[in-house]
Amino acid sequence: MNQPNIQFSKLANFREVGGLRATGDMEIKRGMIYRSADLSRLTKQDITMFTKLGVQTICDLRTTSERKSHPPKIKEHDKIIHIPMQPDSMMPSKWTMFRMLTTEGRSLSFTPIMKDLYNSMLHKRKEEIQQLFTLLSDETNYPLMLHCTSGKDRTGFLSAIIQLAVGVPVSTVLSEYMRSNEGVQILVKRQERFVRMMSLYRVSRAQIQPLLGVQQDYLEDVLHEMMDTYGSAERYLIEACNVPKDQIDQLKNILLIPATGIPSNNAE
């Protein structure tokens, strides 16, 4: 498990991207990259604990509208970098959402919507991925935090690409990704209530579940497509996202250390 011994009261889905076994008897160093839901609900105690992490760079993966409606409580942090992994055009207005939820109601399925998001990230956010990996190749940007709204989809996708790029096996990456279902529990009731109210209770709790958590095939499908097309995460970054190979090598030099006591998970 790669969970730091830190418990926030209002920061959901917080954990490390590191602490995982990679190929070649290496592991990702702990205390380098953290991931979470948004920072808009932190208590004073949470802010104190967050400060102790020594985070130098916060990568906010949300849209402009999300950032305006839920600004971070870490206002004094001078290195919050906006890397939108979803265009504002993909975020429906409250009126559009209300109309969709009330008109489609009981026939609405959120699973295709979620799969479209992952497909869009793989194919249409290449410049943003390049921007992130430029930051990751500079040691002065660490420790670094990735976050979106729930810390499960946009954050989960990029965390997976980072882990794969430095040699973490796909099976381990998918297991880590699925831990978000536990991490988002403090958000689920509020989000479920909001969607059901917006639909005038025409959308059932069961229908909403694909939106509230993660399903392995959300990530697995796009990773399979990436591997089929490029052969590896590293080749995807180099060929599709124009990330220089020396930046990926630098990332490995920064993050990887000899493994100590982390069991291998059938390296692939």
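The values are calculated or read from the model by the stated rules, or taken from the named source; none is laboratory data. From a predicted model like this one, the values you see are computed outputs, not experimental measurements. Cβ coordinates were reconstructed from backbone atoms using ideal geometry, including for glycine residues, and neighbour counts include every protein chain displayed. The area values use the complete protein model at the heavy-atom level, side chains included, leaving out ligands, DNA and RNA. Shrake-Rupley method; radii C 1.70, N 1.55, O 1.52, S 1.80 Å.
Restricting to region 248-263, name every residue that is at pLDDT 95 or above and either among the hydrophobic types (A, V, I, L, M, F, W, C) or at positive phi (or both).
Here is the first cut: in region 248-263, the ones at pLDDT 95 or above are 248-258.
Residues satisfying the conditions are ILE248, LEU251, ILE254, LEU255, LEU256, ILE257.
Of the helices (runs of 4 or more DSSP H) contained entirely in region 176-268, those carrying at least 1 residues that are under 30 Å from THR102 (Cα atoms) fall at 180-183, 185-198, 205-212, 216-230. Criterion first (in a helix (DSSP H, G or I), aliphatic (A, V, I, L, M) and surrounded by 16 or more Cβ atoms within 10 Å (Cβ to Cβ)) does LEU146 satisfy it? Here the answer is no, as LEU146 does not meet what is asked. Scanning region 180-211 for residues that are within 30 Å of LEU237 (Cα to Cα), open to solvent by 40 Å² or more (accessible area, probe 1.4 Å) and of a type outside the set (A, V, I, L, M, F, W, C) yields ASN181, GLU182.
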